[in-house]
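Shown next, in structure tokens, is the structure this report addresses.
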Amino acid sequence: MTQVLVIGGGPAGLTAAKSLVDSGAEVVLVEKSDSLGGMARNWTCKGLVECRNCGVCFAVDQAEGILREPSAEILLLSEVASAHRTEDGFSFKIKTSPRYVTDDCIGCGKCVAVCPVEGKAIFPPTGTGRPQQYWIDRIKCLHFKKRKCNACAEVCPTKAIDYDDRAKSISRKVQSVVLATGIDAIEACETNRFGCGRYANVISSVDAEKILNEKGRLLRPSDGRPPKKIAVVQCVGSRSVEFGVEYCSKFCCKYATKICQLLLDIDAEINLDFYFMDLRTLYEPQDEFKLWAKAKKTVRLVRSMPADIYEKDDSKNLLVRVAGETDSDISETEYDLVILSVGMRPSGASSELARSLGVGTDEMGFAMVSKEIEASGVYVCGAVTQPMDIEEAAVRAVATVSRMNKKKEAGP
Ligand SMILES: Cc1cc2nc3c(=O)[nH]c(=O)nc-3n(C[C@H](O)[C@H](O)[C@H](O)COP(=O)(O)OP(=O)(O)OC[C@H]3O[C@@H](n4cnc5c(N)ncnc54)[C@H](O)[C@@H]3O)c2cc1C
Ligand code: SF4
Ligand code: SF4
Ligand code: SF4
């Protein structure tokens, strides 16, 4: 049986792992965070009334599916410590951090309620990540300090707390490896553009997604009121030599248009202005969003990149300044909340691990896919190779595994 190491448990890595298992391989999946699902764990389902094909639930389904597979070994809180080529493949050393909560955890949350630490020392997995297994932060936990505490262990109905858990070093030998380390969202505040990090009611799309995912609605950070007039600004951190990356991040138009639709589903009274340079809704017809916006009397599509955004006064409302065709043609519109739609950078494409596997990067920093690297048993897939949404990450992962299987059938 072929053994494959998959690095990264996002939509791409999960889909690759599932396809590999389905084609008879044994998989070791290494994920550095607390759970499976990748970036999508933080994103909200955008289909309140009907499914909007945002693909977010796909990540949860794939994570649950792979956790049920007996031929998939899932290593969470784990990273590759070293990689060496062998005669017939690779030898990996993987470092796994202790979780202090066993897989008997049923995710009831009773431990969090009794934890006396401010900000808590025991946590659920990120967003909708799977498994729903909690973990303890050793640095914060009082059990590991002189002042002992066993409160979570006492209350846990399944005796899942294990203070004796230790870091492990695991060795695995495999024939092939799949690198699917994904993306990092561009930090809207990195450039301090448009008052992000300075004005309470300017949030990034990452913040908006997380709040919607956790709370089901958006509230103004400054006063907790539901916003009634919202601006959504596209291309923040993308397509800019000065602020962020030069390329189009490709998926932000698609998810942002769906966020707009979700916001109007939640509150039909919201006034929403959508500032964009180009509308790139990937595989979906642009007209759908335009027709939807036209039908909603409170939605305006504005083809312009705001010149500036600043706080008006103590109301913490924002003024969005937009330049027209001439210098004197400048308008300002007031909003309760501004959402900056950010794009992405590849994650780990140029890491030491990628380099040690022979993976090269293109001029934009994305990992390159080539016949030569695949011939050496190293496969790269998902958004680490170029900007893409969940659907494309999954489709490309399946195609990658299909190439891998063809190579195996063809023999050495
Ligand atoms: C604000 C925002 C909203 C979005 N909304 C949508 C949406 O609604 N619909 C949609 O289709 N797409 C959306 N996307 C895009 C979507 O998140 C990506 O297309 C998708 O997550 C890419 O999947 P991936 O598996 O390639 O990478 P990722 O999801 O980034 O997964 C990579 C995984 O690898 C892990 N990893 C990284 N390095 C290592 C390492 N060295 N060792 C072990 N593990 C590692 C990471 O922890 C992560 O779990 C959104 C993106 C953003 C920024
Ligand atoms: S031992 Fe105490 S401090 Fe540590 S996680 Fe449990 S309840 Fe919190
Ligand atoms: S009390 Fe136990 S079972 Fe419940 S979430 Fe905490 S660790 Fe898991
Ligand atoms: S997908 Fe849309 S918002 Fe994202 S960078 Fe491209 S044009 Fe801008």
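The values are calculated or read from the model by the stated rules, or taken from the named source; none is laboratory data. What you see is a predicted model, and the numbers here were worked out from it, not measured in a lab. Using ideal geometry, Cβ is built from the backbone for each residue, glycine included, and neighbour counts are taken over all protein chains shown. Quick note on the areas: whole protein, heavy atoms, side chains included, nothing else; ligands and nucleic acids left out. Shrake-Rupley method; radii C 1.70, N 1.55, O 1.52, S 1.80 Å.
Taking the condition in contact with a Phe, Trp or Tyr (Cβ under 8 Å, 6 or more places away or on another chain), within 16 Å of ligand 2 (Cβ to nearest atom) and among the β-branched types (Val, Ile, Thr), does Ile139 pass? Don't jump to the end; show me each part of the working.
Values: in contact with a Phe, Trp or Tyr (Cβ under 8 Å, 6 or more places away or on another chain): no; within 16 Å of ligand 2 (Cβ to nearest atom): yes; among the β-branched types (Val, Ile, Thr): yes.
Considered against the rule, which asks whether it is in contact with a Phe, Trp or Tyr (Cβ under 8 Å, 6 or more places away or on another chain), within 16 Å of ligand 2 (Cβ to nearest atom) and among the β-branched types (Val, Ile, Thr), Ile139 comes out as no.
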Taking the condition of being part of a loop (DSSP other than H, G, I, E, B) and open to solvent by less than 80 Å² (accessible area, probe 1.4 Å), how many residues in the stretch 97-115 meet it?
10
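Have a look at Lys140, Lys146 and point out the one that is assigned to a loop (DSSP other than H, G, I, E, B), away from ligand 1 (no atom under 16 Å from the Cβ) and touching a residue at least 12 places away in the same chain (Cβ under 8 Å).
Numbers: Lys146 fails: touching a residue at least 12 places away in the same chain (Cβ under 8 Å).
The conditions single out Lys140.
Determine which member of the set Ala160, Ala180 is at pLDDT 95 or above, within 16 Å of ligand 3 (Cβ to nearest atom), surrounded by 15 or more Cβ atoms within 10 Å (Cβ to Cβ) and aliphatic (A, V, I, L, M).
Details: Ala180 fails: within 16 Å of ligand 3 (Cβ to nearest atom).
Within the list Ala160, Ala180, the selection yields Ala160.
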Glu73 passes all but one of the listed conditions (1) in a strand (DSSP E or B); (2) more than 28 Å from Ser376 (Cα to Cα); (3) among the acidic types (Asp, Glu); the exception is number (2)
Sole exception among (1) in contact with a Pro (Cβ under 7 Å, 6 or more places away or on another chain); (2) without any contact (Cβ under 8 Å) to a residue 60 or more places away in the chain for Cys105, by number:
(1)
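For the stretch 273-313, how many residues are among the hydrophobic types (A, V, I, L, M, F, W, C) and open to solvent by 70 Å² or more (accessible area, probe 1.4 Å)? It would help to see each step written out before you state the result.
Going through the stretch 273-313, the residues among the hydrophobic types (A, V, I, L, M, F, W, C) turn out to be 274, 276-277, 279, 282, 289, 291-293, 295, 299, 301-302, 305, 307, 309.
Those left that are additionally open to solvent by 70 Å² or more (accessible area, probe 1.4 Å): 291, 295.
Result for the stretch 273-313: 2.
Just name the residue that is most open to solvent (accessible area, probe 1.4 Å) out of those in the stretch 86-96 that are within 16 Å of ligand 1 (Cβ to nearest atom) and farther than 16 Å from Pro131 by Cβ. Lay out the reasoning, then the answer.
Here is the first cut: in the stretch 86-96, the residues within 16 Å of ligand 1 (Cβ to nearest atom) are 90, 92-96.
Filter again for farther than 16 Å from Pro131 by Cβ, leaving 90, 92-95.
Values: Phe90: 4, Phe92: 1, Lys93: 93, Ile94: 1, Lys95: 119 Å².
Residue satisfying both the conditions and the ranking: Lys95.
Rundown of residues vs (1) touching a residue at least 24 places away in the same chain (Cβ under 8 Å); (2) under 19 Å from Cys235 (Cβ atoms); (3) under 23 Å from the mean Cα position of the chain (by Cα), yes/no style:
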{"site": "Cys260", "(1), (2), (3)": "yes, yes, yes"}
{"site": "Tyr275", "(1), (2), (3)": "yes, yes, no"}
{"site": "Tyr283", "(1), (2), (3)": "yes, no, yes"}
{"site": "Val302", "(1), (2), (3)": "yes, yes, no"}
{"site": "Lys316", "(1), (2), (3)": "yes, no, no"}
{"site": "Arg321", "(1), (2), (3)": "no, yes, no"}
{"site": "Thr333", "(1), (2), (3)": "yes, yes, no"}
{"site": "Val342", "(1), (2), (3)": "yes, yes, yes"}
{"site": "Arg345", "(1), (2), (3)": "yes, yes, yes"}
Which pairs have Cβ atoms under 9 Å, sit 6 or more apart or on different chains, and link a residue in the stretch 29-48 that is not assigned by TED's automatic domain parsing to the domain that holds Arg217 to one that is assigned to a loop (DSSP other than H, G, I, E, B) and charged (D, E, K, R)?
Asp34/Arg99; Gly38/Glu31; Cys45/Arg52; Lys46/Arg52
Do we have Lys228 as more than 30 Å from His84 (Cα to Cα) and out of contact with any strand residue (DSSP E or B) (no Cβ under 9 Å at 6 or more places or on another chain) here?
no
